[in-house]
1. So for THR67, THR115, fewest C-beta neighbours within 10 Å to most, what's the order?
2. Could you work out the pair-distance distribution P(r) of region 33-142 from its alpha-carbon pairs, with 5 angstrom bin width and percents rounded to whole numbers?
3. Just want the answer: with Cβ charges of +1 for Lys and Arg and -1 for Asp and Glu, which residue in TYR19, TYR192, ILE75 is farthest toward the dipole's positive end in the chain?
4. Among HIS155, PRO138, SER236, whose Cα lies farthest out toward the positive end of the dipole of region 92-246, if unit charges sit on the beta carbon of Lys, Arg (+1) and Asp, Glu (-1)?
5. With charges set only on the Cβ (+1 for Lys and Arg, -1 for Asp and Glu), what does the dipole of region 170-237 come to about its Cα centre, in debye to the nearest 20?
6. What ranking do ILE43, ILE76 get, fewest neighbouring Cβ atoms within 10 angstrom at the top?
7. With the dipole of the chain worked out from charges on the C-beta (+1 for Lys and Arg, -1 for Asp and Glu) around the Cα centre, which of ILE57, PRO46, PHE180 lies farthest toward the positive end?
8. With a point put 7 Å past each Cα toward its Cβ, work out how far ARG243 is from GLU145 in nm, to one decimal.
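All of the numbers you see were taken from the coordinates with simple rules; none came from a lab. Every value quoted in this text rests on a predicted model; they were computed, and no experiment measured them. Because the Cβ atoms are built from the backbone with ideal geometry, glycine has one as well, and the counts that use them run over all protein chains shown.
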Amino acid sequence: MVFKKPLVFLYHRVGLPAYENDNMAPEEFEKQMQYLSARGYRIISPGQYLSFLNREIDLPSRSILITFDDGAKNIIEYALPIMKRYNFKAAIFLNTAYIGEVMYHSREKRKFYKTREEALADSCHGEKLLRFSYLSWPEIKFLAEEGMDFGSHGHSHLVLTELTRKKLLEELDISRDILFKKIGREVDYFSYPWGTFNRHVKRYVKAAGYKVAFATDHSHREDVFSVKRILVRTRSSLDDFIRLINENLYL
Ligand SMILES: [Zn+2]
């Protein structure tokens, strides 16, 4: 089996209690990593992926890039030790406005709130709010020392296609500046909050200095600023995961 290009997987949260607040069960995540390792898949960095897209390097077949969106705090406790067992690395996309915070999330409203009260007041029909804890700067520094890479997921996880030009620039520039100052490296990687973008947003992402941008769904034509990722859902079993790999092998 030969990939035309590396597969890119998208995860969000791995932790306990499993299936609460969008947590994938650590044992399920471990089964997936173990499968990749046992089958000889090679985990690459976003830098290698970018070099591949720019035709600077070739990659062996069975190369995979693992990404995490949002910068959930439980990456440290649950995902990192599992990945270390297999010597795997990942790219983590951060929302710079939420570093070290706990936020309440309404999926229906596509919004994040500082307090539960605020979230309850704004979300209508008694939907179950999600409570997300985010990595702090010392934790991000620790993960960087462990070999993880970082990118921007926007400053505050807004729907970029709905923003004014000024607000869009802010979301792209502020997060890149903050990450540069805190991590001490140019930030080349971007992932679209909600996977949402259009031609206009792509142009601004490029102009802001990012070199590659990751999307989610498969309905668009792919290029360096709309790289397709395979979403591994919270409740994906090992069988689901294997199916995802097989379905995407020849895309
Ligand atoms: Zn996100």
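1. THR115, THR67
2. With 5 Å bins starting at 0, P(r) equals 2, 11, 16, 16, 14, 13, 12, 8, 5, 2, 0.
3. About the Cα centre, the residue reaching furthest to the positive side is TYR192.
4. About the Cα centre, the residue reaching furthest to the positive side is HIS155.
5. 220 debye
6. ILE76, ILE43
7. ILE57
8. 4.2 nm
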